[in-house]
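Student: I have a structure here, written as structure tokens, and I will follow up with some questions on it.
The values are calculated or read from the model by the stated rules, or taken from the named source; none is laboratory data. Please read all numbers here as calculations on a predicted model, not as lab measurements. Please note: Cβ atoms are built from the backbone with ideal geometry, for glycine as well, and neighbour counts cover all protein chains shown.
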Amino acid sequence: MDAQRTGKLINYLRSKKGITQKELANLINVSDKAVSKWERGDGCPDVGILPNLAQALGTDVDSLLKGELNEIDNGRRILTEEELKAEIERKQSEGKLEKPEDNTSLLKNPMARIFIYDFKRPSLFSKYELRKIANIFDMLCEKFRNELAANRTDLLGIKLCCVDELTNEEFIRSIPQRTFFYTYDYNNSGFTIEIDPQIGKVLLKQDLKKYPELTQTDSACLKLTYVNQFAHLLQEQIFSNTDKSIPWENFEKPFTKELNTLLPWSAGQNPGEMCVLVSLALTSDICTQMINIQFNYSYFSKLCRKAGFFGKDNPQLESLTDIKARPCENNVLVEFGRFVSDSVKLEPGTLLLSDKEFGTPLNVIIENEIRFGGETVVAGENFGVRIVEVKQEDPVRYDEEHYIALRLGATYISKEDLAQLNEGSVLQLDSQPGKPIAIIQDGKCVARGEVVIIDNMFCVRVVD
């Protein structure tokens, strides 16, 4: 599935039906953020959602998978890529689709994909780290497939579908309200395993049509025969790829007995907290359905990272500068604000609450003046800023010698290019999603922190 083509198709079909992202999300029981993510091309719908999504959009699953629209016009045919592009452009010209007007000429790669960054759904992991997680589950699927094959000829295979980052609430809303749901110390850097009811019944050798009710006995039997084994294999596979600096006991998460294993909403998860979702497709001779493993974000970001899970085969690249080249200091700074530094203690865990509301433009500072307001985007692999506001009169000037600044990133722009900056200009910064941002004191970086949202205000938690 091509995320870009499928996303454009979803956007076109939704606009054609005249419904909002939230209305579509309600029809298929997902969040509007998930729909927005698909339409931006940042991810693909889960395989289990495709039938309902196709029905809501008035198309078929095959069209969504291919990103090609099937039309009925004197016979059924598939639009070519050129025809689909022309149709989308026609809708854009009629004002029925939003047409981006970004000026990307100042980027190192003007063809880089640009999309808005949502600090309420931050990217906690790099593409390399997500690939590492995917590779581990490819190997895990191979092991589990071999064990299944020895006992169940009706189970044809299991494979990885996707690795994604989303909020706990988005995940819980995307699965059935009553399903097989097992918690392994989730709120303490643990994980959960969710098994679709249909494939769960197949594993139990029950006919879902004859026995549609999910019972605690079913859940207990499924856990005893398959889930415990799978959870153990999962933890062993991850631990074997660490440097063993953290003992096995820290990775061996116990099953949380007191929680209902059929009601995901009873798990007591923090709704807005991020998680890593790994989706596997298990195929039997009857159906193909999903097994979802939901990891608390700290499982990988703290436990695994500290144990060297992401350290292997991850070289640190340092760009060298020619000795004759004239160094250029960053002259464009993007900040959440500058604040009085008196009595501010920069210790790990400290929360620095800004006065900038989530959703308002960040300060784009040039020559100590706030010249522009900008929204945070991702440009290629780095953070970027899209100019959305020009400070026409009396820009705020910073002349203070002592201050604390929360800086998203910075870049260097030539004087000629500075003069051309305007609404729609996109600048690539020197920072990356998933990495701590700089905390500046009196012009020097003295600490780093992660951006969080508290009471709808931007805040930075000091991490080092």
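Conditions (1) assigned by TED's automatic domain parsing to the domain that holds Arg448; (2) under 20 Å from Gln432 (Cβ atoms); (3) among the acidic types (Asp, Glu), marked per residue:
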site: Lys356; (1), (2), (3): yes, no, no
site: Pro361; (1), (2), (3): yes, no, no
site: Gly374; (1), (2), (3): yes, yes, no
site: Val378; (1), (2), (3): yes, yes, no
site: Val388; (1), (2), (3): yes, no, no
site: Glu393; (1), (2), (3): yes, no, yes
site: Arg397; (1), (2), (3): yes, no, no
site: Glu401; (1), (2), (3): yes, no, yes
site: Ser414; (1), (2), (3): yes, no, no
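Student: Identify, by number, the condition in (1) crowded, with 18+ Cβ neighbours inside 10 Å; (2) over 20 Å from Cys221 (Cβ atoms) that Gln289 doesn't meet.
Tutor: With respect to (1) crowded, with 18+ Cβ neighbours inside 10 Å; (2) over 20 Å from Cys221 (Cβ atoms), Gln289 is out only on (2).
Student: Let me ask another. Just give me the residues in segment 38-53 being surrounded by 17 or more Cβ atoms within 10 Å (Cβ to Cβ) and either free of Cβ contacts under 8 Å to residues at least 60 places away in the same chain or farther than 20 Å from Lys120 by Cα (or both), in sequence order.
Tutor: Residues satisfying the conditions are Trp38, Glu39, Pro45, Asp46, Val47, Gly48, Ile49, Leu50, Leu53.
Student: Related question: Would you mind stating whether Leu69 is crowded, with 19+ Cβ neighbours inside 10 Å, modelled with pLDDT under 80, of a type in the set (A, V, I, L, M) and within 30 Å of Ala379 (Cβ to Cβ)?
Tutor: Values: crowded, with 19+ Cβ neighbours inside 10 Å: yes; modelled with pLDDT under 80: yes; of a type in the set (A, V, I, L, M): yes; within 30 Å of Ala379 (Cβ to Cβ): yes.
So Leu69 fits the description; yes.
Student: Next up: Quick check on Lys253: is it modelled with pLDDT of 90 or more, at positive phi and of a type outside the set (S, T, N, Q)? Full working, then the answer.
Tutor: Numbers: modelled with pLDDT of 90 or more: yes; at positive phi: no; of a type outside the set (S, T, N, Q): yes.
No, not satisfied.
Student: Scanning segment 109-153 for residues that are among the acidic types (Asp, Glu) and loosely packed, with under 13 Cβ neighbours inside 10 Å, which turns out farthest from the chain's Cα centre (by Cα)?
Tutor: Glu142
Student: Looking at this structure, is Glu169 farther than 24 Å from Gly409 by Cβ, within 18 Å of the chain's Cα centre (by Cα) and surrounded by fewer than 19 Cβ atoms within 10 Å (Cβ to Cβ)? Outline the logic, then answer.
Tutor: On the way: farther than 24 Å from Gly409 by Cβ: yes; within 18 Å of the chain's Cα centre (by Cα): yes; surrounded by fewer than 19 Cβ atoms within 10 Å (Cβ to Cβ): yes.
Judged against the criteria, Glu169 is a match.
Student: When segment 365-423 is examined, which residues are found to be on the phi > 0 side of the Ramachandran plot and free of Cβ contacts under 8 Å to residues at least 12 places away in the same chain?
Tutor: Scanning segment 365-423 gives a single hit, Asp394.
Student: Let me ask another. Looking at segment 238-266 only, could you name the residues that are buried (at least 16 other Cβ atoms within 10 Å of the Cβ) and either in a helix (DSSP H, G or I) or without any contact (Cβ under 8 Å) to a residue 12 or more places away in the chain (or both)?
Tutor: Hits for segment 238-266 are Ile238, Phe239, Phe251, Pro264.
Student: Evaluate segment 328-344: report whether one residue or more is among the basic types (Lys, Arg) and modelled with pLDDT under 90.
Tutor: Taking segment 328-344 and keeping what is among the basic types (Lys, Arg), we get 338.
This time we only want the ones that are modelled with pLDDT under 90, so: none.
So far as segment 328-344 goes, no, none of its residues is among the basic types (Lys, Arg) and modelled with pLDDT under 90.
Student: Here is a further query. Going through segment 384-405 one residue at a time, which ones are under 16 Å from Gly359 (Cα atoms) and surrounded by 20 or more Cβ atoms within 10 Å (Cβ to Cβ)?
Tutor: Of all residues in segment 384-405, those under 16 Å from Gly359 (Cα atoms) come to 384-389.
Passing the criteria: Gly384, Val385, Arg386, Ile387.
Student: Hey, among Lys22, Lys17, which residue is surrounded by fewer than 19 Cβ atoms within 10 Å (Cβ to Cβ), without any contact (Cβ under 8 Å) to a residue 24 or more places away in the chain and outside the structural domain of Gly380 (by TED's automatic domain parsing)? Step through it out loud before you land on a result.
Tutor: Details: Lys17 fails: without any contact (Cβ under 8 Å) to a residue 24 or more places away in the chain.
Answer to the check: Lys22.
Student: Still on this model: Can you tell me which residue within segment 209-239, out of those that are closer than 14 Å to Ile199 by Cα and basic (Lys, Arg), is modelled with the highest pLDDT?
Tutor: Ranking the candidates gives Lys223 first.
Student: Quick one: what pairs do we get from segment 143-154, first residue within 17 Å of Ile286 (Cα to Cα), second assigned to a helix (DSSP H, G or I), C-beta under 9 Å, 6+ apart or different chains?
Tutor: Partner pairs satisfying both residue conditions: Leu148/Tyr226; Arg152/Leu203; Asp154/Val202.
Student: Quick check on this structure: which one of Gly7, Gly48 is at pLDDT below 75 and part of a helix (DSSP H, G or I)? Before the answer, list the steps.
Tutor: Details: Gly7 fails: at pLDDT below 75.
Every option except Gly48 fails the conditions.
Student: Please enumerate the residues belonging to segment 164-181 that are in a helix (DSSP H, G or I), touching a strand residue (DSSP E or B) at 6+ places or on another chain (Cβ under 7 Å) and over 18 Å from Cys44 (Cβ atoms). Write out each step before concluding.
Tutor: As a first pass, look at segment 164-181 and keep what is in a helix (DSSP H, G or I): 168-174.
Within this subset, residues satisfying the condition of being touching a strand residue (DSSP E or B) at 6+ places or on another chain (Cβ under 7 Å) are 168, 171.
The answer is Asn168, and nothing else.
Student: Are any residues in segment 10-45 of a type in the set (A, V, I, L, M), in a helix (DSSP H, G or I) and within 21 Å of Arg173 (Cα to Cα), and if so, which ones? Show your work before the answer.
Tutor: Kept after step one, since they are of a type in the set (A, V, I, L, M), are these residues of segment 10-45: 10, 13, 19, 24-25, 27-28, 30, 34-35.
Those still in the list that are in a helix (DSSP H, G or I) too: 10, 13, 24-25, 27-28, 34-35.
Correct list: Ile10, Leu24, Ala25, Leu27, Ile28, Ala34, Val35.
Student: Also, quick follow-up: Can you confirm whether segment 267-289 contains a residue that is in a helix (DSSP H, G or I) and modelled with pLDDT under 95? Explain how you work it out, then say what you get.
Tutor: Taking segment 267-289 first, the residues in a helix (DSSP H, G or I) are 267.
Still in the running and modelled with pLDDT under 95: 267.
Yes, segment 267-289 contains at least one residue that is in a helix (DSSP H, G or I) and modelled with pLDDT under 95.
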